[in-house]
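Encoded as structure tokens, the structure appears first; notes follow it.
Just so it is clear, none of the values below were taken in a lab; they were calculated from the coordinates. Since we're looking at a predicted model, the values are computed, not measured. Don't worry about glycine lacking a Cβ; one is built from the backbone with ideal geometry, like all the others, and counts go over all protein chains shown.
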Amino acid sequence: MGAGATARAIEAVWRIESARLIAGLARVVRDVGLAEDLAQDALVVALEKWPESGVPDNPGAWLMATAKRKGIDLLRRDVMLDRKHAEMAHALEQRQESAPDDDDVDGVQDDLLRLVFTTCHPVLSTEARVALTLRLVGGLTTAEIARAFLVPEPTVGQRVSRAKRTLATANVPFEVPTGAELAPRLASVLDVVYLVFNEGYSATAGEDWMRPALCEDALRLGRVLAQLMPREPEVHGLVALMEVSASRTHARTAPDGSPVLLADQDRSRWDPMLVRRGLAALERAEQLGGALGPYALQAGIAACHARARTAEETDWERIVAFYDALAQLAPSPVVELNRAVAVSMAYGPAEGLALVDQLIDAPALRGYHLLPAARADLLAKLGRTDEAQEDLARAASLTRNVRERTLLLERARRLAGPHGSALG
């Protein structure tokens, strides 16, 4: 194997194994920052040795054994060795005595689940949770995270460093919460995964309408969670929502990269495999029983679109019912805006406009470009063209995405017929 092929193999192994490696180490040392340092040390050794010796048959076990040796050496060298460090060193030595690939599948899965709940701990800011989760669980480099979110690389590095310090200072336990703590903590985990997906699906800023790689990272995290927590319906609900939404990826842009709205998309370009996977995940969420959670309800809405062969066949009344339930369960001005759009499709633009106008003064929507964009659609359908153009221009001034701004300004110029106000 040539040097280039070996480097690519090492990169692939790291993407696959890094989360399990860090999770297994963190269980012993009880410090995700130290666990990542040890994992990175093992990677450095691999980069030095594997080009000559070749990639081992079980690279994950090799990395784990190397990281444990590094950890033992590090803790032994600590001249201020205290009881905590002595316990860590002893635990690592005990683990080192067993075969490197001795861990059972359930143990690895438990470690991964602990790692996810730790990186998404509420003690961290949202930005820190996202950065740390993508770094430690997703296996992305600091540079990759920075490119994905259009922020400077040092900023991401600082977020990750501060997050690890915060977890250590707060003595956040490396464990899966139980009892009454589980639901709110799981909600935090799911929110992080969906935030990553949404940023990839509809980029808030920059030149690109979408960043599919982020969607793929979020889907990978969601699928891992579904395997780790098979009895949690909201986990399957989130996976269903992401799978069905991701199925539209190839239809959401024109050949020149400009956005294509939901009503105008060529549905033959929707990925049928992702649709099937999404509908199956939604069915699992429903079969687990109980009331559907926010993500499962949104997945139900996405499923209504996926089941419609054409935009005209969409069951908008059912979508309104889903939004009614969502507004009761997780009320927010954004949910009310989306519900208003659905009402307009089911019962006419005048009904929808009356609801949208009730949201104009909502503080949470003051800088939200989709409010004037949705209102413009409804005004155009009612023949109030001048007002529609004004709202489209306002929406264009509020968005930070270049592609979306161009689309809104073009619509303001021509207003060529009615469009569905959902942005697909």
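Computed about the Cα centre, the dipole magnitude for region 154-280 is approximately 320 debye when only Lys and Arg (+1) and Asp and Glu (-1) carry charge, each at its Cβ.
What do you get for the angle between helix 126-136 and the principal long axis of the chain? Use alpha-carbon atoms, 0 to 90 degrees, nearest ten. Once rounded, one gets 50 degrees.
For A254 and D73, the difference between the fully extended length at 0.36 nm per residue and the C-alpha to C-alpha distance is 59.6 nm. Exposure proxy for I360, I319, I22, I72: other Cβ atoms within 10 Å of each Cβ, ordered fewest to most, give I360, I72, I319, I22.
For region 177-314, state what percent of all Cα-Cα pairs lands in each successive 10 Å bin, counting from 0 Å until the bin that includes the largest distance. Per 10 Å bin, starting at 0, the Cα pair percentages come out as 13, 41, 33, 11, 2, 0. A simple spin-label model places the labels of S188 and D357 4.3 nm from each other, with each point 7 Å out along Cα-to-Cβ. Taking the chain as a Gaussian network of alpha-carbon nodes connected by springs under 10 Å, the highest mean-square fluctuation of the residues P173, P294, P154 belongs to P154. The residue list L409, A131, L112 was ranked by how far each Cα lies along the charge dipole of the chain toward its positive end, using unit charges on Cβ atoms, and L409 comes out on top. Using only Cα atoms, find the angle between the long axis of helix 83-97 and the longest principal axis of the chain, and express it within 0 to 90 degrees, rounded to the nearest 10. The angle comes out at about 80 degrees. Ranked by the mean number of other Cβ atoms within 10 Å of their residues, highest first, the peptides 382-391, 51-60 come out as 382-391, 51-60.
Placing dummy labels 7 Å off each Cα toward the beta-carbon, the span from E216 to T155 is 2.5 nm. With the simple spin-label model, which puts each label point 7 Å out from Cα in the Cβ direction, the A12 to M273 separation comes to 1.7 nm. Assuming charge only on the beta carbon of Lys and Arg (+1) and of Asp and Glu (-1), the dipole of the chain about its Cα centre is about 520 debye to the nearest 20.
Neighbour counts of other Cβ atoms within 10 Å put E17, E336, E410 in the fewest-to-most order E410, E336, E17.
Projecting the Cα atoms of C304, L337, V356 onto the charge dipole of region 299-370 (Cβ charges, centred on the Cα centre) puts C304 farthest toward the positive pole.
Would you be so kind as to identify which of M64, T166, F149 lies farthest towards the positive end of the dipole of the chain, taking Lys and Arg as +1 and Asp and Glu as -1 on Cβ and the Cα centre as origin? Checked the options; the winner is F149.
With kT/(6 pi eta Rh) evaluated at 25 °C and eta = 0.890 mPa s, and Rh the Kirkwood radius from Cα pairs, the chain diffuses with a coefficient of 104 µm²/s according to Stokes-Einstein. Annotation: the residues R375, R248, sorted from fewest to most other C-beta atoms within 10 Å of their own C-beta, follow the order R248, R375. The C-alpha atoms of the chain define a longest principal axis, and helix 370-381 lies at about 30 degrees to it. Under the convention that each Lys and Arg Cβ holds +1 and each Asp and Glu Cβ holds -1, the size of the dipole of region 313-424 around its Cα centre is about 480 debye.
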